[in-house]
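Engineer: Below are the structure tokens for one structure; questions will follow.
The values are calculated or read from the model by the stated rules, or taken from the named source; none is laboratory data. Source: prediction; values computed, not measured. Note: ideal-geometry Cβ built from the backbone for every residue, glycine included; neighbour counts use all protein chains shown. Each accessible area value is taken on the protein alone, full model and side chains, heavy atoms only, with ligands, DNA and RNA left out. Shrake-Rupley method; radii C 1.70, N 1.55, O 1.52, S 1.80 Å.
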Number of protein chains: 2
Amino acid sequence: MTNNTRWIGVDWGTSNMRAYVMDGRDQVIATLRSDRGIGQLAKDEIEPALLALVSDYLPADLVTPVIACGMVGSRQGWTEAEYESVPCEPPVQSETVTAPCRDARISVRIIRGVKQEKPADIMRGEETQIAGYLSVNPKFDGVLCLPGTHTKWVRISAGEIVSFQTFMTGELFALLAGQSVLRHSMATEGWDEEAFTAALSDTLSKPESVAARLFNVRADNMLSNPSPIAARARVSGLLIGMELAAARPYWLGQEVAIIGSRGLSQAYRSALANQGVDPQVTDADAMTLAGLKSAFMASKETAK
Amino acid sequence: MTNNTRWIGVDWGTSNMRAYVMDGRDQVIATLRSDRGIGQLAKDEIEPALLALVSDYLPADLVTPVIACGMVGSRQGWTEAEYESVPCEPPVQSETVTAPCRDARISVRIIRGVKQEKPADIMRGEETQIAGYLSVNPKFDGVLCLPGTHTKWVRISAGEIVSFQTFMTGELFALLAGQSVLRHSMATEGWDEEAFTAALSDTLSKPESVAARLFNVRADNMLSNPSPIAARARVSGLLIGMELAAARPYWLGQEVAIIGSRGLSQAYRSALANQGVDPQVTDADAMTLAGLKSAFMASKETAK
């Protein structure tokens, strides 16, 4: 096969991995996906897992630089890339950490995460999305919302991450939808905007009631058999409403941009629109790629 | 074997079953336990599951009355015992429903659950504990708190259930401790009263922040490796604090009694004591048995 690979960017989280094979003009040659996340790999399985995914794209007689972000840099990952402390720029530029490699065809650098001492908080992976966003929007001053399993709200000023707060909203939703007594009441997909908005408004005004409102969904199901799609949107609305109540200092009167996957971003956009905020929405994967590019370009400059 | 069995009381929930074999003076001859809960049994497996547990105690030539409460009376149970609506006395007296039996040695009656239309809420099993409590404390006027997977707060007046509210607090705790990213940070047992009280106070005053405070537990674990026992008590305190914030109208300035298992009752007792409430604590199993006795005695009178 022809082989124009110049470098490889890797987004490697707990449950899966994505590799972007890049050419010399920083264009994507191939996007490769694997479900071999860091959470399921022993230390000595990590380099082989990467090679299994990308080896077809490695030129034989060159060292291909690999830039990686995410849980691959945690203590349980390839090598620990220690957290930078806020306030700081997203640590993609000249702050990466070299990972030990056995295979001479690759050299691997890992992007550090970001920590906050008080209240205790951490991110790994989101800092790269933030770097990507700031590379495209260098003058952005405001708040980034990165919805996901662990949704992050991040204050950005003068190109720095000033402070942030993580909410377990996405993981709570997944546990309730998949493992709790509510699984019998909720559809696995589908959306009901009206049910979402009503539930959102409910916990925005009475966030303390969420554990009771969740059981109402179950009781309604037993007493009147309502739509499982509405129940799904309602549970989402209850949890996001509670989050917005706590995150109010992050969005009230602020310029907010959302970086996320399409469905979840739309739910947050709709929720914020209900509160008079009109956030810009940007695709998370595109921002990850942009952040990895920033890191690669910085590493070239460092190497000069 | 000698056989003095007069009747059998059964507490049959989603995940397990307990049978009390009673003599003619309403004393317990034997307490039998099984993990064959209603949740795992098909319709035609229900009667055989009961017989497998109690048949050694059935006199051959008599019909032994069986009184059952819990999910055995749900649509997925033996036969549906429809809910009574609040306000109502706990429906153990002459409100039971006959379940069809193949075996001539038993006749089975099931205690109805209780429902509330608005906000939608249901109980099955707790009504029997409440009946038991009222049989021992007939003049009680106040609020019963029944902590468990789905904790119930119940207003009692003039012997009636006036209204109630269910919180998914216990199920949320079990999901977070067993299935979430927090499982790595939390001990499976043990208690730290100081961590519990601090977390309780935190979400009592800022209940909306619970999804963020939960992630703080994870971040603390990554940054400073604190005690997993303290983390366990902290998660419990965060969730119970949120519940108490919402249940305030139930306990503030009220006479409160707790009906529950020992460990959980103590956590709720401690939480309420922090708020200046001094609840009486009563054992849930003893109250279930007392409620089943009330139902059996009422069924004898009905039969006269």
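Engineer: Applying the Karplus parametrisation 6.51 cos²θ - 1.76 cosθ + 1.60 with θ = phi - 60° to the phi angles of the stretch A:256-271, what ³J(HN,Hα) value in whole Hz is obtained for each residue in order, glycine and proline being reported as x?
Structural biologist: Once θ is set to phi - 60°, the couplings for the stretch A:256-271 become 10, 10, 9, 10, x, 6, 4, x, 5, 4, 5, 4, 5, 4, 5, 4 Hz.
Engineer: Here's a follow-up. Run down the aspartates and glutamates and flag those whose C-alpha is under 14 Å from the C-alpha of A:K300, throwing out any fewer than 8 positions away in its chain.
Structural biologist: Within the straight-line cut-off, A:K300 pairs with A:D26, A:E95.
Engineer: Let me ask something else. Please compute the alpha carbon radius of gyration of the stretch B:147-188, then divide it by the globular-protein estimate 2.2 N^0.38 Å. Two decimals is fine. Could you put the intermediate results ahead of the total?
Structural biologist: Working: Rg = 15.1 Å, N = 42, 2.2 N^0.38 = 9.1 Å.
So the stretch B:147-188 has a normalised radius of gyration of 1.65.
Engineer: Taking θ = phi - 60°, what integer Hz values does the Karplus form 6.51 cos²θ - 1.76 cosθ + 1.60 yield along the stretch B:244-252, in sequence order, with x for Gly and Pro?
Structural biologist: 4, 4, 7, 8, 3, x, 7, 10, 5
Engineer: Mean-square fluctuation check for chain A, GNM, Cα pairs under 10 Å: which of A:D285, A:D202, A:D61 is largest?
Structural biologist: Evaluated over chain A, the most mobile residue of the options is A:D61.
Engineer: Could you look at the stretch B:146-304 and say what percent of its accessible area is carbon and sulfur, using a 1.4 Å probe and all protein chains?
Structural biologist: Details: 2960 of 6110 Å².
Taking all protein chains in place, the stretch B:146-304 shows 48 percent carbon and sulfur surface.
Engineer: While we're looking at this one, here's another question. Rounded to the nearest 10 Å², what accessible area does A:V86 have for a 1.4 Å probe in the complete protein model?
Structural biologist: Accessible area, nearest 10 Å²: 30 Å².
Engineer: For a test of the definition: using alpha carbon positions, the gyration tensor, and the 1.5 limit on a/c, classify the stretch B:253-296 as rounded, prolate or oblate.
Structural biologist: Working: a/c = 5.34, a/b = 2.05, b/c = 2.60.
Taking the square roots of the gyration eigenvalues as a ≥ b ≥ c, the stretch B:253-296 is oblate.
Engineer: Please check: in the Gaussian network model of chain B (C-alpha springs, under 10 Å), which one of B:I259, B:I110, B:I229 has the largest mean-square fluctuation.
Structural biologist: B:I229
Engineer: Between A:P249 and the same site in the other copies, what are the distances in nm, shortest first, taking label points 7 Å from Cα along the C-beta direction?
Structural biologist: 3.0
Engineer: Please determine, in degrees from 0 to 90 and to the nearest 10, the orientation of helix A:210-224 with respect to the longest principal axis defined by the Cα atoms of chain A, where the helix direction is its Cα long axis.
Structural biologist: Taking Cα atoms only, the helix is inclined about 60 degrees.
Engineer: Enter the mean number of other protein chain beta carbons within 10 Å of the beta carbon of each residue in B:243-252, as an integer.
Structural biologist: 2
Engineer: Would you mind calculating the relative contact order of the stretch A:7-124 from Cα pairs under 8 angstrom and at least 6 residues apart, reporting the percent as a whole number? Please report the intermediate quantities before stating the final value.
Structural biologist: Values: 240 pairs, mean separation 27.1, N = 118.
Relative contact order comes out at 23 percent.
Engineer: Axis carrying B onto A: which residue of B has the nearest Cβ, and how far, whole Å?
Structural biologist: Residue and rounded Å distance to the axis: B:L175, 2.
Engineer: Give the nm distances, rounded to one decimal, from B:E193 to the matching residue in every other copy, measuring between label points 7 Å along Cα toward the beta carbon; shortest first.
Structural biologist: 5.4
Engineer: Within straight cross-link reach of A:K293, meaning Cα distance under 18 Å, which lysines are found once same-chain residues fewer than 8 apart are removed?
Structural biologist: A:K293 reaches A:K304.
Engineer: Along each principal axis of its Cα atoms, how long is the stretch A:126-219 end to end? Whole angstroms, biggest number first, please.
Structural biologist: So the three principal-axis extents are 49, 26, 21 Å.
Engineer: Using the Karplus curve 6.51 cos²θ - 1.76 cosθ + 1.60 with θ = phi - 60°, work out ³J(HN,Hα) for each residue of the stretch B:43-50 in order, rounded to whole Hz, and write x for Gly and Pro.
Structural biologist: Values per residue, Gly and Pro as x: 3, 7, 9, 6, 4, x, 5, 5 Hz.
Engineer: Give, rounded to the nearest 20 debye, the magnitude of the charge dipole that chain B has about its Cα centre when Lys and Arg contribute +1 at Cβ and Asp and Glu contribute -1 at Cβ. Mind dumping the intermediate values first?
Structural biologist: Values: 29 positive and 35 negative charges, 33 e Å.
Once rounded to the nearest 20, the dipole reads 160 debye.
Engineer: To the nearest Å, what is the center-to-center distance of the stretch A:141-211 and the stretch B:9-42, using C-alpha atoms only?
Structural biologist: The stretch A:141-211 and the stretch B:9-42 have Cα centres separated by 41 Å.
Engineer: Something else: Sorted by accessible area with a 1.4 angstrom probe, largest first, how do B:E47, A:E84 fall?
Structural biologist: Values: B:E47 20, A:E84 50 Å².
Most to least solvent-accessible, the answer reads A:E84, B:E47.
Engineer: Also, I was wondering about something else. Based only on the alpha carbon positions, what is the Kirkwood hydrodynamic radius of the stretch B:166-283, in angstrom?
Structural biologist: Values: mean 1/r = 0.0695 Å⁻¹.
Averaging 1/r across every pair of different Cα atoms and inverting gives 14.4 Å.
Engineer: Follow-up question, since we're still on this one. For A:K206, list the aspartates and glutamates whose Cα falls under 14 Å from its own Cα; do not include residues on the same chain fewer than 8 positions away.
Structural biologist: A:E243, B:E208, B:E243
Engineer: While we're here: To the nearest 20 debye, what charge dipole does the protein assembly as shown have about its Cα centre, counting +1 at the Cβ of each Lys and Arg and -1 at the Cβ of each Asp and Glu? Provide the component values of the computation, followed by the final result.
Structural biologist: Details: 58 positive and 70 negative charges, 44 e Å.
My answer is approximately 220 debye.
Engineer: Taking N as the number of residues in chain A, what is its alpha-carbon radius of gyration divided by 2.2 N^0.38 Å? Please report the intermediate quantities before stating the final value.
Structural biologist: Working: Rg = 20.8 Å, N = 304, 2.2 N^0.38 = 19.3 Å.
Against the compact-globule rule of thumb, the ratio is 1.08.
Engineer: Per-residue ellipticity at 222 nm for the protein assembly as shown, helices alone: DSSP H runs ≥ 4 residues times -39500 (n - 2.57), over residue total, nearest 500 deg cm²/dmol?
Structural biologist: Values: 18 runs with 234 residues, N = 608.
The per-residue figure over the protein assembly as shown is -12000 deg cm²/dmol.
Engineer: May I ask you to report, in nm to one decimal and beginning with the shortest, the distances from B:K300 to the same position in the other copies, taking label points 7 Å along Cα-to-Cβ?
Structural biologist: Listed shortest first, these distances are 9.2 nm.
Engineer: Which value, in debye to the nearest 20, describes the size of the charge dipole of the stretch A:166-283 about its Cα centre when Lys and Arg Cβ atoms bear +1, Asp and Glu Cβ atoms bear -1, and nothing else is charged? Before the final figure, lay out the partial values.
Structural biologist: Numbers: 9 positive and 12 negative charges, 57 e Å.
I would put it at about 280 debye.
Engineer: While we're on this one: Among A:K293, A:K152, A:K139, which one moves the most in a GNM of chain A with springs linking Cα atoms closer than 10 Å?
Structural biologist: The residue that fluctuates most here is A:K139.
Engineer: Buried accessible area between A and B (1.4 Å probe, both chains summed, ligands and nucleic acids excluded), in Å² to the nearest 100? List each step's numbers first, then the result.
Structural biologist: Working: alone 14460 and 14510 Å², together 25390 Å².
Its buried surface, counting both partners, is about 3600 Å².
Engineer: Just for chain A, what percent of DSSP beta bridges are antiparallel, to the closest 5? Write out the running numbers ahead of the final one.
Structural biologist: Working: 31 of 49 bridges.
Of all bridge pairs located within chain A, approximately 65 percent are antiparallel.
Engineer: Report Rg (one decimal) and Dmax (nearest whole number) for the stretch A:7-124, counting Cα atoms only, units Å.
Structural biologist: Expressed in Å, the Cα Rg and Dmax of the stretch A:7-124 come to 14.3, 49.
Engineer: Also: Which of the residues in the stretch A:149-188 lose at least 50 Å² of accessible area when you go from the chain alone to all protein chains together (probe 1.4 Å)?
Structural biologist: A:M168, A:L172, A:L175
Engineer: While we're looking at this one, here's another question. Give me the Debye-computed log₁₀ of I(q)/I(0) at q = 0.10 Å⁻¹ for the protein assembly as shown, equal point scatterers on Cα only, no solvent, two decimals.
Structural biologist: Reported log10 I(q)/I(0), two decimals: -0.91.
Engineer: Additional query: Which of the GluC sites (Glu not before Pro) found in the stretch B:184-270 are in a DSSP loop and have at most 11 neighbouring Cβ atoms, other than their own, within 10 Å?
Structural biologist: Details: sites: B:E189, B:E193, B:E194, B:E208, B:E243, B:E255; in loops: B:E189, B:E255.
Within the stretch B:184-270, the qualifying GluC sites (Glu not before Pro) (loop, at most 11 other Cβ atoms within 10 Å) are B:E189.
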